[in-house]
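See structure below.
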Amino acid sequence: MTLYELQALLHGRITGIVQDRECELRQQLLPRPSLPALERVEIYEKMYLHRLVHAVAEDVPHTAALLGDESFLDLVREYLRDHPSRSPDIGQVGRHFGAWLRGRDGFRVDLPDLAVLERVRSEARSAPDAPVAGADELHSLPPDALPGTRFVFSPSLRVLRLHHDVRALWDALDANRNELPIPARRPTTLAVWRQEFKVFHTALSGSEADALEVAREGGTLEDVCAACAGEPEPAEAAFRTVLSWFADGWVAAVTKPGPRGTN
Amino acid sequence: MVPFLGHGIGLRTKHFPELLEQGRRADWFEVITENFLHVGGRPRAVLEAVRADRPVVLHGVSLSIGSVDPLNEEYLRDVRELADAVEPAWVSDHLCWGTFGRHNAHDLLPMPFTEEALSHVVSRVVEVQERLGRRILLENVSSYLSYAASTISEWDFLAEVARRADCLILLDVNNVYVSATNHGFDALAFLHGIPQDRVAQMHLAGHQDLGTHLLDTHDAPVPDPVWALYRDAVRRFGRVSTLVEWDDRIPPLDEVLAEAEKARSLASGVLERAA
């Protein structure tokens, strides 16, 4: 058996892809009196699952606690078949877990959204650092530069569009309360970000979410104002929204418009 | 050769408050490379704080040097970028494989010790060292299975990889003990099979005895038989930077630092007697 064939066989067995071929595997391994060959492979099979279940649980501790050890393990085992780890960083293995849960049932209906929120909070916690720009950077621009101004956002900032408002559920779990709110089925947009070492999340109104989406995609302050056009006082609403981004530390830099024709 | 750093410990999240807020330090720190790729926030702040006044080394777990998969170019670029930023005393990983078909098992799977595997690993170590712009250290792993196809002892395989690829060795004393027990070989034969001028670092850790085999758990103090083997290793390899690993059921920082102090004391005793 070549090195390629041996690794294919053993890796497949350990990760649960290869279910049979036991005779072939037995032939490749040395038995010892203390432990037969296949039981030696089982050590690796168990460690594989244990390690990856632990990694996913670190991302979504409240989700894991709500599911209970056994259900969580069964779900992660199934999840790993659909989403085997492709990253050298084991911390990335759970990144699709919340979205994957949406196709499952047998638990409270807002659990997938809770898992998505937990994962994103985990990402924000260790996202790359960036400087924090103050609103004074905006104020210092000449008035004619304002409409073409763009924003560079902190790498920790994430925007989530959820099917349920899970903020009260997250609060209850985080405070270790026994009584949990009933699922609140309503589309909810959350912003998640980190300030210093602390992670926050907050709900965004429709226009705030639209304005932020426009700005994150490279839109100008003028585009942000257009996204707030449905508000009673569009200009004031846009300015208030933008200032709140600075106050919360979401903006890493402000970029002035380039010379005419290069904007 | 690499510098002697003294007796260090692994940088672990549980100890961040004591390290960041109280300024507690070991002689040096080993960092799990993958935990710091593209990472900011508290982990990065702690890394930068300890790096400001102590040497740091990068210890990878996902190089998968023995895998038949192509080397992961993006990963190597990331490691190089981190190494350029952190300026570690050295970069290490394991003599093992863990990926197949780009599917990462996140484990340190043992190599078959064959001529085919030897050539494969040597060529990849040479390539990795070129990409990283530095020599790397390769660590012997704990293992629970061995292959019928192996024709070379583990120590001869490791020594030959180091010689042909001109890399260095991270000798994990606990792993030698665990594998020797699990496979019935002589741990001293392993030590004597490793060239003295290649060992640049040693690891110490705890394990669990599960009756049928020892499991490398890094969740307990270094047990007496591993301390005894460490004495033998110091006798053979002399003054080598040593690090205590504690990755699960991690105790307070003082307890881990005490293990590093014990290593220092044992090594000093052995070296004084030898002098």
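Tabulated results
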{"read-out": "Burial ordering of A:54, A:139, B:213, fewest other beta-carbon atoms within 10 Å first", "value": "A:139, A:54, B:213"}
{"read-out": "Counted charge near residue B:5, where neighbours are those whose Cβ lies closer than 11 Å (Asp, Glu -1; Lys, Arg +1)", "value": "0"}
{"read-out": "Size of electric dipole in chain A: Cβ of Lys, Arg +1 and of Asp, Glu -1, about Cα centre, debye, nearest 20", "value": "640"}
{"read-out": "Long-range HN-HN contacts of residue A:154 with modeled amide H, under 5 Å", "value": "A:251, A:252"}
{"read-out": "Net dipole in debye of the stretch A:1-85 [+1 Lys, Arg Cβ; -1 Asp, Glu Cβ; about Cα centre; nearest 20]", "value": "360"}
{"read-out": "For the stretch A:126-187 versus the stretch B:245-262, the gap between their alpha-carbon centres in whole angstrom", "value": "38"}
{"read-out": "B:69, A:59 arranged by Cβ crowding within 10 Å, fewest neighbours leading", "value": "B:69, A:59"}
{"read-out": "Rounded to whole Hz, the Karplus (6.51, -1.76, 1.60) HN-Hα couplings of the stretch B:170-179, x for glycine and proline", "value": "9, 8, 8, 5, 5, 5, 4, 5, 4, 5"}
{"read-out": "In the stretch A:6-64, the trypsin sites (Lys or Arg not before Pro) that fall in loop regions by DSSP, at most 14 other Cβ within 10 Å", "value": "A:21"}
{"read-out": "Hydrodynamic radius (Kirkwood) for the stretch A:1-111, which is based on Cα pairs only, to one decimal in Å", "value": "15.6"}
{"read-out": "Given charges at beta-carbon only (K, R positive; D, E negative), |dipole| of the stretch B:116-207 in Debye", "value": "240"}
{"read-out": "Phi-based couplings in Hz for the stretch A:23-29 (Karplus 6.51, -1.76, 1.60; Gly and Pro marked x)", "value": "4, 4, 5, 4, 5, 7, 10"}
{"read-out": "Net charge, residue A:169 excluded, C-beta distance under 9 Å - Lys, Arg +1, Asp, Glu -1", "value": "-2"}
{"read-out": "Rounded to whole Hz, the Karplus (6.51, -1.76, 1.60) HN-Hα couplings of the stretch A:214-229, x for glycine and proline", "value": "4, 5, 5, 8, x, x, 8, 4, 4, 5, 5, 4, 5, 5, 9, 4"}
{"read-out": "Taking A:179, A:123 and counting other C-beta atoms within 10 Å, the order from fewest to most", "value": "A:179, A:123"}
{"read-out": "Rounded, prolate or oblate (a/c below 1.5 giving rounded, otherwise prolate when a/b exceeds b/c) for the stretch B:1-62 by Cα gyration tensor", "value": "oblate"}
{"read-out": "Share, in percent, of DSSP beta bridges within the protein assembly as shown that are antiparallel, nearest 5", "value": "50"}
{"read-out": "Cα-based Rg / Dmax (Å) for the stretch A:74-210", "value": "18.1, 59"}
{"read-out": "Inverse mean reciprocal Cα-Cα distance (Kirkwood Rh) of chain B, Å", "value": "18.9"}
{"read-out": "Of all DSSP beta bridges in chain B, antiparallel share, percent nearest 5", "value": "15"}
{"read-out": "Exposed trypsin sites (Lys or Arg not before Pro) absent: longest stretch of chain B, with sites in DSSP loops and at most 12 other Cβ within 10 Å deemed exposed", "value": "B:1-238"}
{"read-out": "Over the stretch B:84-146, equivalent-ellipsoid semi-axes from the Cα gyration tensor in Å", "value": "22, 14, 12"}
{"read-out": "Normalised per residue, the volume of the convex hull around the Cα set of the stretch A:180-219 (Å³)", "value": "87"}
{"read-out": "Base-10 log of normalised Debye intensity for the protein assembly as shown (one unit scatterer per alpha-carbon) at q = 0.11 Å⁻¹", "value": "-1.05"}
{"read-out": "Residue mean of other protein chain beta carbons inside 10 Å, B:115-126", "value": "1"}
{"read-out": "Within-12-Å neighbourhood charge of residue B:112 [Cβ basis; K, R +1; D, E -1]", "value": "-4"}
{"read-out": "Estimated [θ] at 222 nm from DSSP helical runs (n ≥ 4, -39500 (n - 2.57)) normalised by residues in chain B, nearest 500", "value": "-13500 deg cm²/dmol"}
{"read-out": "Average beta-carbon neighbours from other chains, 10 Å sphere, peptide B:147-155", "value": "3"}
{"read-out": "Extreme residue, positive dipole direction of the stretch A:1-102, given options A:88, A:18, A:63 (C-beta unit charges)", "value": "A:88"}
{"read-out": "Antiparallel bridges, percent of DSSP beta bridges restricted to the stretch B:171-275 (to nearest 5)", "value": "25"}
{"read-out": "Signed unit charges on C-beta, dipole axis of the stretch A:93-173, positive-most listed residue A:98, A:151, A:132", "value": "A:98"}
{"read-out": "Tensor-based shape of the stretch B:112-213 (alpha-carbon gyration tensor, a/c under 1.5 rounded, otherwise prolate or oblate)", "value": "prolate"}
{"read-out": "Cα gyration tensor category, rounded, prolate or oblate, for the stretch B:141-275 with a/c compared to 1.5", "value": "oblate"}
{"read-out": "Coordinate range along principal axes, alpha carbons of chain A, Å, largest first", "value": "82, 49, 29"}
{"read-out": "Peptide-level mean, for B:228-236, of C-beta atoms on other protein chains within 10 Å", "value": "0"}
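Throughout, read-outs are computed from the coordinates displayed, never taken from laboratory work. All of these numbers come straight from a predicted model, not from anything done at the bench. Cβ coordinates were reconstructed from backbone atoms using ideal geometry, including for glycine residues, and neighbour counts include every protein chain displayed.
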